[in-house]
Every structure is written in C-alpha cells, then in structure tokens.
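Everything below concerns the one structure shown next.
The values are calculated or read from the model by the stated rules, or taken from the named source; none is laboratory data. The shown structure was predicted, so the numbers you read here are calculated from the model rather than taken from an experiment. Positions of Cβ are backbone-derived with ideal geometry, glycine not excepted, and every protein chain shown enters the neighbour counts. The accessibility values were calculated without ligands, DNA or RNA, using every heavy atom of the protein model including side chains. Shrake-Rupley method; radii C 1.70, N 1.55, O 1.52, S 1.80 Å.
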Amino acid sequence: MLMPTPDPGITGTAAPPIVQLTNLSVKDTWKGLSLSDINVTLPRGAAVQVVSESPASAHLLMRCLATLDWPCRGSYLFNGVTLPFTRYERLLDVKRNIGYLYPMAAMVRNRTVEENLDYQAHYFSDTDLARHRSHKERLVKGFGTQGALPFCPELVSAMEQRRAIVVREILKEPTLFLAEYPEEFVGRGYLSFFIGEIRRILSRGGVFVYTTNFRGLGKELKPVTLHLENGTLSEELAP
C-alpha cells in the first residue's frame, strides 16, 4: 500500500518513506474507539485523502499520525526511524516536523497572534530566524492575517484565528502535514493559496494527509484515497 518512491537526490537508493505504520493499533478509551492492525506506508511527495463514515475514527487516525495518541501495539516509523513512545520529550524532534490542523486547534490566549507564530522559532535554538521572518511575512500576507498580528487571539475574528493557525503550522515547514477539514480553517477565498503551500510541502518530499467535506478539495494534487471503515484502512484502487 502506497510504496515508497526513489529519492532523486540519492543515486541508486530509495529514501525511506515519511511514515510507515506496521500492525499498529490505537485506542481512544474515552470514546470507546479503536483502530486495529493498521498497515500503511506514506512515501515522499504523496497527497492522501482519508475517507470515513466515522469522523471520530478519522480523527483518531490523524491524532495517532500526529503522535498525540500513542499506539498500544505495532510500530510507527517516521523517516525510517522507529518512534519511541515512552516519554513525551523523546518525540519533540518529530513533533516539530508535523503540522496539524484539527477542529479544536487553538492559540495561546495570553500571547499576541504574532507571538504565537514566533513561539517555535524561539523555542528551538537551531531555527534560522531570518528565514523564519521572511517565510512568516509571505504567509501572513498570503492568508490576509496582517491586521491580527498585534492582538491576542480572542480580539480577532474566528476566521482570522483559524487562518493564523494555518500560518503557524505551515511555518514549521513540516515533513508531514495533517489537516482535518482545512476548508473550515482557510475559507474559500484562500483555498488556492493554501493548495499552493501544500504543493511546496510535497515538492520538498513532504506528505499531505487530509479529510474534507468540500467535494473536490485537493483533487489537483492527485491524492490517493484511503477508506477507513470498521477500524481498518483500505486503499482505493485506480480503475
């Protein structure tokens, strides 16, 4: 399923896939949900749409990919390295490479929007601040959030908050970008710019995994469709 593609930068070798889940099971005991024996490989440059009759099950899969819900069985390889689900701190280097839009995503209330956008840049000492600043300015302009920067999140509109969250997650320059219903964050007026940013992620060898209620969203990316039913995944085969 979704086998890895060769990395053109490495002669005669194939780079490891960004994500590889093997016999993985994960549970949400609060909601009584579980996913079992998940086997999926997400190669570099892949766009993947997850389709499910159960939004809660799709959300659990996304949270597992984001390393927020830990598997109870099986393995999760990220860029060829098995993730150690023993302590939160051991996952920080991976988390910084994952962008995630989800319904309950929020910003720190007692910080301005701009401070929220700059948090990761100041937290990780190896961040190229000039590059971060240039990237931030371009994204803020592209998503129309310039006016929100000096204010705390509760003082700007809900859609400005959501678009600022999109900026925050893309600013990570993620290797894995997860998005649940991105149309609810972006708004139709900024979808084209959003898809352009996703293309940038894919062109760097990243992976985009998403769910959507907006028919046709992301079709220009030629995504593979994964069906999640009864706690198991299956790939939609081309005709």
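Considering all different alpha carbon pairs of the stretch 32-178, the Kirkwood hydrodynamic radius works out to 17.0 Å. Relative to the longest principal axis of the Cα atoms of the chain, the long axis of helix 158-171 lies at roughly 70 degrees.
Loop sites here are GluC sites (Glu not before Pro) outside DSSP states H, G, I, E and B with no more than 13 other Cβ atoms within 10 Å. The longest part of the chain free of them is 54-235. Pairs exceeding a 28 Å alpha-carbon distance, out of Lys31/Lys136; Lys95/Lys136; Lys141/Lys219; Lys141/Lys172: Lys31/Lys136. Helix 129-142 and the long axis of the chain differ in direction by around 90°, with both axes built from C-alpha atoms. Taking 7 Å steps out from each Cα toward its Cβ at Thr127 and Arg73 produces label points 4.0 nm apart. Site pair Asp28 and Arg87 shows an inter-label distance of 2.9 nm when each label is modelled 7 Å from Cα along Cα→Cβ. Once you order the gyration tensor axes a ≥ b ≥ c over the Cα atoms, which shape class does the stretch 23-105 get: rounded for a/c under 1.5, otherwise prolate or oblate by comparing a/b with b/c? Because its axes are fairly even, with a/c under 1.5, the stretch 23-105 counts as rounded. Amide H contacts for Leu101 (H built 1.01 Å from N in the peptide plane; partners 5 or more residues away or on another chain; cut-off under 5 Å): Leu178, Ala179, Glu180. Note on the stretch 44-145: with neighbouring protein chains present and a 1.4 Å probe, carbon and sulfur make up 49 percent of its accessible heavy-atom surface. Of the Cα atoms belonging to the stretch 132-205, the radius of gyration and Dmax stand at 11.9, 37 Å.
Compute the long axis of helix 191-203 from its Cα atoms, compare it with the longest principal axis of the Cα atoms of the chain, and write down the angle in degrees, 0 to 90, nearest 10. The helix 191-203 is inclined about 60 degrees to the chain. Taking the Cα of Lys141, stepping 7 Å toward and past its beta carbon, and measuring to each backbone N in the stretch 185-227: which are under 16 Å? Taking a point 7 Å out along Cα→Cβ of Lys141, the residues of the stretch 185-227 whose backbone N falls under 16 Å are 193-194, 197. Considering helices alone, the calculated mean residue ellipticity of the chain at 222 nm is -9000 deg cm²/dmol, with DSSP H runs of length four and up weighted by -39500 (n - 2.57) and normalised per residue.
Taking 0.36 nm per residue of sequence separation and removing the Cα-Cα distance, the Glu173/Asn230 pair yields an extension gain of 17.2 nm.
Taking a ≥ b ≥ c as the square roots of the Cα gyration tensor eigenvalues, with a/c under 1.5 meaning rounded and otherwise prolate when a/b beats b/c, else oblate, which class fits the stretch 91-239? It comes out prolate by the Cα gyration axes. The heavy atoms of Leu149 offer some 30 square angstrom of accessible surface to a 1.4 angstrom probe.
Label positions at Leu191 and Asn213, each projected 7 Å from the Cα along the C-beta direction, are separated by 1.4 nm. Each Lys or Arg adds one and each Asp or Glu takes one away; over the other residues whose Cβ falls under 14 Å from the Cβ of Leu33, this sums to -1. Remark on the stretch 84-164: hydrodynamic radius 14.0 angstrom, per the Kirkwood mean of 1/r across alpha carbon pairs.
Trypsin sites (Lys or Arg not before Pro) within the stretch 105-171: which are DSSP loop residues with at most 14 other Cβ atoms inside 10 Å?
On the way: sites: Arg109, Arg111, Arg131, Arg133, Lys136, Arg138, Lys141, Arg162, Arg163, Arg168; in loops: Arg109, Arg111.
Those that pass, being in a loop and sparsely packed, are Arg109, Arg111.
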